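Take a look at the structure below.
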Amino acid sequence: MNLPDLEIRIQQLLDDELTAEQFAKLESELLQNPKAMDLYLSYTRLDSGLQRHGSFLAAVEKMPVVPMEWILAQQRKRSIRISLLSAAALIAIMATVMWFTTVSHTPHTLATVHVTPGTDFTLTHNSDDTLPDRNTLAKNSRIVLRHGVVELILPHDVRAIIEAPAEMILRDDRTLELNHGRAYFKVSSTDGQGFTVVTPHQRIVDLGTAFGIDCQIGSNEVELHVLQGRVRVDSKQRDKGEIIHANRSVLLTGIDIKHDLDGPPAAFLQNLPPKIDMLLDENFETGLIANRDYVIQMDPTVIRDLAGNDFGGIDDDTTWNFNTLATTATVLPTSATWNYFHPLDAVDPAVADTDFNTTWYTQNDAGNRYDGPAFSGSGSGLFGYGSPGGIPTVNIGTPDSGKRYTAYFTTTFDLGAISASSVTGLTANIMADDGAFIYINGQATGNYHTSPGNDTYLAGMDGHGNVEVSTNITLDQSLLADGVNSISVSVHQRNNDSSDLGFQMAVEATFEPISEPTTTALLGIDDDPAQAPPASGTRDDSPPVLIAAYPADDSMNATQGGQLKMLFNKPIKFGTGRVFIQNVTNWSENKLAVWDASMSIDDRMLTINPPIDLEDGTREVGWLAGWQTDAKVTFLNPSGNGQWYNNDGLQDKKTTRADRIHA
């Protein structure tokens with residue numbers, strides 16, 4: 001019944017003009033429509049007031065004679081009003097009863113759960129009440145943590161970080177039952193004092209502190225690390241035990257201290273996986289991984305301009321590929337080919353070539369002045385004779401006893417894409433029996449078991465080398481040049497009747513990749529006028545145009561730990577969809593949705609912080625339990641050991657709440 005019809009019927013009712021059929025329809029509408037009932041009551045109040053006012057005027061003008069018809073009409077109206085009001089009261093009573101019988105009490109939320117990306121866990125609630133909000137804990141909520149790390153924000157300024165595998169139950173606002181697991185607790189104020197962690201063997205009561213617990217399945221021993229403040233170790237029967245003060249780590253059996261643990265309690269944090277430390281800093285590690293090949297793809301709708309025009313994305317036809325350099329590289333492997341010269345007659349080469357001792361190591365340099373004996377021998381691996389800890393792969397000939405002195409080796413290595421100026425360290429891993437001098441680009445740079453400046457054919461060594469043992473020697477990286485470099489080594493005997501000689505070497509460079517450009521520098525790139533958006537005042541239907549990106553497509557020098565940057569020709573905003581970051585070195589992939597905190601927009605610049613976890617790949621492994629609408633949980637290998645997980649042996653299908661109750 002619409003409003004005009006309702007008003008007419010109410011007025012007809014008050015004027016006693018309704019038929020029985022009309023009265024039945026009005027009565028039904030008033031019983032079913034609370035707003036109609038409110039309107040009816042308003043009309044009756046108005047009608048009653050008017051009647052009283054009319055009666056008063058009539059009494060003044062006439063004798064107080066009341067017609068019988070009026071009395072009968074009033075009685076009929078009163079009967080109808082009483083009937084309607086009774087029906088309204090009955091509706092209100094029934095609604096109240098139904099609310100109390102159908103709406104259950106929602107338990108009070110005690111804690112909030114945060115998880116690291118890829119954590120695999122199950123959250124259930126031991127209650128017949130309405131389940132609390134997602135990723136929150138109520139009284140007796142239970143978490144089973146299979147992989148990864150969770151953070152609990154508890155009442156009274158208590159914070160907990162728990163590493164898998166672990167199982168815990170929140171008993172109340174001051175009690176967490178830790179059946180097993182490795183956990184860190186931080187109590188930030190005096191309000192949290194008395195917070196208790198109950199293990200299967202004791203009750204650990206906070207007295208204002210930060211502490212760690214390591215409680216493993218099947219062990220009756222528990223590690224307790226008190227980093228700050230103090231804690232008390234009580235029995236399961238709540239008998240008070242010993243107080244453990246800051247900077248102490250102990251191994252507990254029940255309430256007894258079996259012994260103190262070696263090392264400071266702070267080592268407990270250092271032994272936790274990297275994600276724990278990141279959670280402590282409320283941050284997660286991001287950045288490009290060194291020595292990887294990347295492919296970036298983007299859904300067409302991820303980036304839009306302010307007018308709503310889509311960028312169009314990045315697909316197989318519009319690729320964005322690049323490589324990140326390693327921060328260390330073996331520039332000269334042990335398998336490198338060397339040329340060598342080994343006099344077997346014990347004649348000093350400097351007799352025939354007077355400048356031999358100052359030129360032999362320059363023969364591969366641009367300013368080569370060497371004109372002495374040819375380095376005609378060649379090979380790779382372990383050079384030598386006899387048995388210098390192993391059989392040489394390249395036998396350089398064995399002089400007669402009493403004629404065994406020095407062998408000379410030379411080769412080159414190429415820095416490739418590494419800039420010589422970016423090298424911050426150069427290390428030779430050398431095995432030499434008995435000692436050696438090392439030269440780079442014609443300059444002396446290191447020696448092993450020798451006295452500097454004493455590199456002559458007949459010179460003996462200061463010590464006894466052993467080819468089975470490799471030794472790291474720091475070389476001078478300032479001697480390096482871009483591209484090809486020469487390296488030469490002279491290997492000497494300690495005495496001229498030594499039974500063997502051996503040589504093998506590798507060289508490793510540590511360097512800084514080319515730094516990523518700052519946002520300001522990237523914005524300094526000249527815009528292409530042809531790509532500029534239309535002038536103001538005209539409708540802009542053109543999509544955003546990518547002007548520059550870092551790392552550039554097909555580049556080979558992206559910075560380890562760096563970000564991805566995309567510069568467009570006009571201001572942009574997020575749309576919908578995902579960005580796909582593929583590490584084709586090990587075929588792992590990470591998907592970032594537009595709402596991911598790893599992506600941000602500043603005017604025309606999109607910045608992406610790729611998760612470090614990308615290195616170990618992504619797998620969907622479980623479901624978030626505890627709600628009728630379950631949500632997928634994925635994880636990136638939390639142990640960082642390169643192992644890829646799949647659904648086998650894990651919770652790999654949706655389960656209903658009934659399934660979990662009967663399990």
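The values are calculated or read from the model by the stated rules, or taken from the named source; none is laboratory data. Keep in mind that what you see is a predicted model, and the values were worked out from it rather than measured. Neighbour counts are summed over all protein chains in view; Cβ atoms, including those assigned to glycine, are modelled from backbone coordinates with ideal geometry.
The table below gives the values:
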{"read-out": "Residue in the stretch 325-346 that is charged (D, E, K, R) and farther than 30 Å from Y294 by Cα present", "value": "yes"}
{"read-out": "Single unsatisfied condition, N557 versus (1) at pLDDT below 85; (2) surrounded by fewer than 16 Cβ atoms within 10 Å (Cβ to Cβ); (3) under 30 Å from N609 (Cβ atoms)", "value": "(2)"}
{"read-out": "Enumeration of residues in the stretch 160-186 that are charged (D, E, K, R), part of a strand (DSSP E or B) and out of contact with any Pro (no Cβ under 7 Å at 6 or more places or on another chain)", "value": "E167, R171, D172, E177, R182, K186"}
{"read-out": "Breaking point among (1) farther than 19 Å from P333 by Cβ; (2) without any contact (Cβ under 8 Å) to a residue 40 or more places away in the chain; (3) in a strand (DSSP E or B), for M461", "value": "(3)"}
{"read-out": "Enumeration of residues in the stretch 157-172 that are at pLDDT 90 or above, farther than 24 Å from E221 by Cα and surrounded by fewer than 21 Cβ atoms within 10 Å (Cβ to Cβ)", "value": "D172"}
{"read-out": "Any chance I572 is modelled with pLDDT of 80 or more, in contact with a Pro (Cβ under 8 Å, 6 or more places away or on another chain) and over 30 Å from I418 (Cβ atoms)", "value": "yes"}
{"read-out": "Count - residues of the stretch 369-383 that are polar (S, T, N, Q) and not in a strand (DSSP E or B)", "value": "2"}
{"read-out": "Test: residue in the stretch 200-211 that is surrounded by fewer than 20 Cβ atoms within 10 Å (Cβ to Cβ), outside any loop (DSSP other than H, G, I, E, B) and among the acidic types (D, E)", "value": "no"}
{"read-out": "From D256, D262, residue being in the same structural domain as E163 (by TED's automatic domain parsing) and either surrounded by fewer than 12 Cβ atoms within 10 Å (Cβ to Cβ) or under 34 Å from the mean Cα position of the chain (by Cα) (or both)", "value": "D262"}
{"read-out": "Some residue of the stretch 187-198 being modelled with pLDDT under 90, in a helix (DSSP H, G or I), of a type in the set (G, A, S) and at negative phi", "value": "yes"}
{"read-out": "Some residue of the stretch 364-371 being surrounded by 19 or more Cβ atoms within 10 Å (Cβ to Cβ) and either touching a His at 6+ places or on another chain (Cβ under 9 Å) or outside the structural domain of D500 (by TED's automatic domain parsing) (or both)", "value": "no"}
{"read-out": "Within the stretch 2-22, tally of residues that are buried (at least 16 other Cβ atoms within 10 Å of the Cβ) and farther than 11 Å from Y40 by Cα", "value": "1"}
{"read-out": "P399 being crowded, with 17+ Cβ neighbours inside 10 Å, assigned to a loop (DSSP other than H, G, I, E, B) and touching a residue at least 60 places away in the same chain (Cβ under 8 Å)", "value": "no"}
{"read-out": "Test result for G218, outside any strand (DSSP E or B), more than 23 Å from the chain's Cα centre (by Cα) and free of Cβ contacts under 8 Å to residues at least 24 places away in the same chain", "value": "yes"}
{"read-out": "Residues (surrounded by 18 or more Cβ atoms within 10 Å (Cβ to Cβ) and either modelled with pLDDT under 90 or outside any loop (DSSP other than H, G, I, E, B) (or both)) located in the stretch 480-499", "value": "N485, S486, I487, S488, V489, S490, V491, H492, Q493, S498"}
{"read-out": "Filter pass, T359 being under 30 Å from T393 (Cβ atoms), at pLDDT 85 or above, part of a loop (DSSP other than H, G, I, E, B) and β-branched (V, I, T)", "value": "no"}
{"read-out": "Within the stretch 332-391, tally of residues that are more than 19 Å from I440 (Cβ to Cβ), without any contact (Cβ under 8 Å) to a residue 40 or more places away in the chain and polar (S, T, N, Q)", "value": "2"}
{"read-out": "Some residue of the stretch 316-335 being assigned to a loop (DSSP other than H, G, I, E, B), surrounded by 15 or more Cβ atoms within 10 Å (Cβ to Cβ) and of a type in the set (A, V, I, L, M)", "value": "yes"}
